[in-house]
Amino acid sequence: MNITVAVSGGWGTALAIHLCKNGHQVTLWSGFAEEAAMLRQKRENPLLPGVTLPDALEITSDPACISGQDLVVLASPSFPYRNVCRTLKPYLTENTCLVSVTKGIESESLLRLSQVAEQELGRTVAVLSGPSHAEEVARGIPTGCVAACPDLRQAELVQQVFMSENFRVYVNPDVVGVELGAALKNVIALCAGISDGMGFGDNTKAMLMTRGLTEMARLGMTMGAKKETFAGLAGIGDLIVTCTSMHSRNRRAGILIGQGIEPMEAMRQVGAVVEGYYAAGSAYALAQKMGADMPIVRAAYAVLYEGADVKSTVGELLHRSCRSEVEDAGWETQV
C-alpha cells in the first residue's frame, strides 16, 4: 500500500518506520524543507535518537506527495493540526483513506481532531490511539492500539495496515471515547508528574490515576462515548503508560512544575510539544460547556493557566467534602 505520514515529529516518524517494516511504500512529509533535507541526509530523527530510518522511507517537504496515496496518516501536533489539513487538502485524492493519530482537542473549537480533519477535508477520518510511546514503537517493542471509526470497514482497513507481530490493533466503533481518552489522559499524566515532582508516592499516583479516569469517563459519556472504552487501551491503557513512564513529555513537564518551575519554563526544558498543557485548557472548557464535574482538570487548569500555587491547589483537592465512590453502579459519580 502507498502511504504518506504527515508530519515528521517523533510519533509520525515512528509510525512511518513501522509501516515500512510492514512492507508498505511509505513517504514521510515535513512542512519544513530544511528538516526534510536533514532527515534524508542523517537518516535519523533527533526525537528518536539511535533509531535509523529505513532506506526505503521517502522523505519530502512537498505536500503533493499525498496525491494518489492509498492512505494518509495525520500525525501533526494538535495546535497546527487544522493548518496542516488545509495545506494537504488541494493534493488529496478522492479515495484516499485518512487516519488521525494525534491525541488532543482543538482549543478554539473544542472539536476532536478527527472532527477538525473531517471539516477541512470533507470525508470520514479513522483514529488510531492507545498506549504507544514513539520511542518504543520505533524500536519494534510490542504495542497494542485501537483503530476507531463510525465506518467499521475503515477501522478494519487501518487495523490490517498497521497490524504486525509486534503491533497489535483492535477495532472499536466508539471514536468519541477513543479520542477523548487519548486527549484527556495527557492532563492526568501532567498531574501525575506534578505529584512525582512534589515528592508524593505511589499511593498518591494511584489515587490520581483512578479518579482521573473517572473524570475522563464522566466527560466522555456526556458527549456520547461509551464508558467501556475508558476501561480499554485508549482509556486506562494509555493513562497507565503516560502517567508512569519517563518517555512521557507530559509527566516530565509535570515533574518540573511540581518542583517549583513555572509551566512555560517547564515545557521549554522538556524541549518538545507537551500536549497535556493544551488539553488542560480544552478539557476545562469542555467540562464547563457540558456541565461535567472535573475537579482534577479544574485544578490543572488553575495551575497551568491562572498561576495557582501548586501546594495550595493540591490541598484544596484533598480537602473537598466527602463523596461516595460509586453511585447507581456507574461512573457518573461525584468525585
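The values are calculated or read from the model by the stated rules, or taken from the named source; none is laboratory data. Not measured: the values here are computed from a predicted model. Counting neighbours? That spans all protein chains shown, and the Cβs are built from the backbone with ideal geometry, glycine included. Calculation scope for accessible area: heavy atoms of the full protein, side chains included, ligands and nucleic acids excluded. Shrake-Rupley method; radii C 1.70, N 1.55, O 1.52, S 1.80 Å.
Only one entry of S100, S109 meets the criterion of being of a type in the set (S, T, N, Q), open to solvent by less than 10 Å² (accessible area, probe 1.4 Å) and closer than 24 Å to Y278 by Cβ, and that entry is S100. Going through segment 174-206 one residue at a time, which ones are in contact (Cβ under 8 Å) with a residue 24 or more places away in the chain, open to solvent by 30 Å² or more (accessible area, probe 1.4 Å) and closer than 20 Å to V241 by Cβ? Answer for segment 174-206, where residues must be in contact (Cβ under 8 Å) with a residue 24 or more places away in the chain, open to solvent by 30 Å² or more (accessible area, probe 1.4 Å) and closer than 20 Å to V241 by Cβ: just D196.
Do we find that A56 is modelled with pLDDT of 95 or more and part of a helix (DSSP H, G or I) in this structure?
Details: modelled with pLDDT of 95 or more: yes; part of a helix (DSSP H, G or I): no.
No.
Every listed requirement among (1) more than 15 Å from the chain's Cα centre (by Cα); (2) of a type outside the set (S, T, Y); (3) crowded, with 21+ Cβ neighbours inside 10 Å; (4) in a strand (DSSP E or B) is met by V171 save one, (3). Taking each residue of segment 207-228 that is under 12 Å from V297 (Cβ atoms) and looking for partners that are charged (D, E, K, R) and open to solvent by less than 20 Å² (accessible area, probe 1.4 Å) with beta-carbon atoms closer than 8 Å, six or more apart or interchain, yields G212/K185; M216/K185.
Residues in segment 224-254 that are farther than 29 Å from G291 by Cα and crowded, with 22+ Cβ neighbours inside 10 Å: S248, R249, R252. With respect to the conditions (1) open to solvent by less than 30 Å² (accessible area, probe 1.4 Å); (2) assigned to a helix (DSSP H, G or I), Q159 falls short on a single one, namely (1).
Checked across segment 34-45, the condition of being at pLDDT 95 or above and within 25 Å of A147 (Cβ to Cβ) holds for at least one residue. Considering segment 113-125, and only residues there that are without any contact (Cβ under 8 Å) to a residue 40 or more places away in the chain and not acidic (D, E), the residue that is most open to solvent (accessible area, probe 1.4 Å) turns out to be Q119.
What are the residues in segment 33-53 that are over 13 Å from G9 (Cβ atoms) and in a loop (DSSP other than H, G, I, E, B), if any? Answer for segment 33-53, where residues must be over 13 Å from G9 (Cβ atoms) and in a loop (DSSP other than H, G, I, E, B): R43, E44, P49, G50, V51, T52, L53. A search for C-beta distances below 8 Å between a residue of segment 32-51 that is touching a residue at least 40 places away in the same chain (Cβ under 8 Å) and any residue that is surrounded by fewer than 17 Cβ atoms within 10 Å (Cβ to Cβ) and among the acidic types (D, E), counting only pairs 6+ apart in sequence or on different chains, returns V51/E44.
Checking each residue in segment 257-294 for being crowded, with 21+ Cβ neighbours inside 10 Å and over 21 Å from the mean Cα position of the chain (by Cα) picks out only G258.
Residues in segment 131-165 that are more than 14 Å from V175 (Cβ to Cβ) and of a type in the set (A, V, I, L, M, F, W, C): A134, V137, A138, I141, L157, V161, F162, M163.
Under the condition of being closer than 17 Å to P80 by Cβ, open to solvent by 20 Å² or more (accessible area, probe 1.4 Å) and among the aliphatic types (A, V, I, L, M), the residues counted in segment 1-56 number 3. Among the conditions (1) open to solvent by less than 10 Å² (accessible area, probe 1.4 Å); (2) touching a Lys or Arg at 6+ places or on another chain (Cβ under 6 Å), the only one that G220 does not satisfy is (2).
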